[in-house]
1. Divide by every residue of chain B the summed helix terms, -39500 (n - 2.57) for each DSSP H run of at least 4, and state the resulting mean residue ellipticity at 222 nm, rounded to the nearest 500 deg cm²/dmol.
2. Once you have a ≥ b ≥ c as the square roots of the Cα gyration tensor eigenvalues for the range A:110-179, tell me rounded if a/c is under 1.5, and otherwise prolate or oblate according to whether a/b is larger than b/c.
3. Using a 10 Å cut-off around each Cβ of peptide A:265-271, what is the average number of partner chain Cβ atoms that fall inside?
4. Considering the range B:22-127, what Rg and Dmax in Å follow from its alpha-carbon atoms?
5. For residue A:24, place a label point 7 Å out from Cα along the Cα→Cβ vector, do the same in each other copy, and report the separations in nm, one decimal, smallest first.
6. Which value, in nm² and rounded to one decimal, describes the direction-averaged projected area of the C-alpha convex hull of the protein assembly as shown?
7. Please identify, among A:28, A:155, A:190, the residue showing maximal mean-square fluctuation in a Gaussian network model of chain A using a 10 angstrom Cα cutoff.
8. Which order do the peptides A:137-143, A:126-132, B:204-210 come out in when sorted by mean C-beta neighbours inside 10 angstrom, highest first?
């Protein structure tokens with residue numbers, strides 16, 4: 001007998017991983033949480049049957065969500081992560097000399113399941129600088145003003161609980177929750193499959209932030225294998241960041257070279273966010 | 001009833017595309033050739049049940065296989081494409097002011113099927129500069145000396161008919177078939193799944209060519225979505241290419257910016273081809 005986990009990436013596209021063992025399945029207040037031991041990717045976390053992270057490729061997403069904004073900000077001390085209950089982004093954030101990392105995850109069960117089944121990913125939860133808030137990220141951000149140097153929105157897809165995290169109204173709250181030199185990043189789906197979403201997010205961000213950028217990361221378990229991350233910044237520009245701090249980090253994907261290269265967008269992606277822009 | 005085409009990307013990983021219509025299936029002298037009309041990617045060419053190209057994402061691979069080497073070479077006039085029977089690389093090559101493009105494809109049926117079912121991809125076959133040779137690429141290259149400015153090896157995976165196109169002996173023949181300032185590129189599989197292959201290819205190339213480089217392209221229908229292309233050059237270095245010629249090309253993925261960015265390798269990929277190299 002063979003068992004396969006299948007994600008319907010669209011009505012016309014599926015990715016399937018052979019499951020060696022089902023480690024965990026539950027229905028939380030918010031979603032189905034499942035952990036599978038797969039032949040290809042090691043342990044795999046699925047929420048509502050969508051792959052969130054795997055042991056083998058998690059480093060790409062977590063490094064790129066954390067290090068690009070933290071190296072861009074000249075001196076990040078207070079960091080907020082929205083979502084990200086697996087702990088992977090937090091684990092990367094604390095590689096920097098930050099003072100406080102707040103994690104605001106709506107589903108406390110995701111945190112508990114990941115502590116149990118993904119010890120390497122959730123290792124950062126033990127750090128004394130980390131404070132966990134099991135709460136709605138939209139509300140949490142709305143109640144904070146000028147407090148954070150960096151906010152990282154590590155959400156699920158824009159359906160279900162995470163839908164509001166892709167709205168212009170939310171990005172306005174994020175801007176208000178940031179300190180005067182603050183910046184934020186959020187995962188913004190696939191350039192191949194979600195071009196319209198990326199376009200409309202960037203139109204909104206351009207109305208709110210003086211500096212708006214898009215960068216890319218290669219994540220095999222996400223649809224199309226190429227993922228976009230959007231940045232809105234009040235001042236610092238990732239394209240002119242001092243990359244010395246990138247050099248001391250212990251990473252497997254991110255480097256100073258990757259920091260520069262990830263903003264080199266394929267032409268069709270560049271045209272999504274800056275229509276009519278002449279070619280560089 | 002629903003029909004799905006499934007590629008076994010590994011014993012543990014599958015990608016499946018919903019098939020609206022089976023347009024063609026045959027067994028040629030060398031392989032199974034199939035064309036499906038899919039919901040996700042439009043028309044899809046499969047050889048031995050492995051996705052070769054699709055209408056929706058073919059531009060990425062074909063542009064990156066052609067324009068990076070042709071812009072790197074200071075004045076390419078004579079170009080050879082090995083494999084590439086769909087014609088996509090040829091279509092991109094003839095956007096440059098070359099004098100001759102030779103295509104050497106082992107399976108003439110692939111050419112005929114693509115002329116019929118992929119008119120946009122195979123459009124370049126009509127150009128008078130293009131000469132088609134239905135022959136074994138290994139033999140073809142062995143018989144040529146100092147003739148080509150650029151050789152592009154657009155092969156299937158290193159199993160079956162294409163196996164010899166990944167051997168050091170073949171790369172030595174390629175070097176001899178190149179003019180004194182010549183260079184070649186070849187598709188060299190996935191950095192996530194075929195790291196050992198890429199490492200050993202680069203060890204071989206470093207014994208043959210003064211300039212050896214690796215670059216990446218994002219191709220959703222290839223395993224992991226990230227693909228590597230290797231370059232061996234007798235003189236010209238893509239990192240110091242004059243990118244003015246990149247600007248006039250009609251493309252959707254490639255640009256001067258992408259030319260620079262595609263050589264910015266994720267750290268784990270960089271370490272594959274230059275172990276022990278300090279971080280940039």
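Throughout, read-outs are computed from the coordinates displayed, never taken from laboratory work. The structure displayed is predicted, hence computed values, not measured ones. Note: ideal-geometry Cβ built from the backbone for every residue, glycine included; neighbour counts use all protein chains shown.
1. -7500 deg cm²/dmol
2. It is oblate, given that a/c is not under 1.5 and a/b is not larger than b/c.
3. Counting other chains' Cβ atoms within 10 Å and averaging over A:265-271 gives 6.
4. For the range B:22-127, the Cα-based Rg and Dmax read 13.9, 44 Å.
5. Spelled out, the distances from residue A:24's label point are 5.0 nm.
6. 24.8
7. Highest fluctuation of the listed residues: A:28.
8. A:137-143, B:204-210, A:126-132
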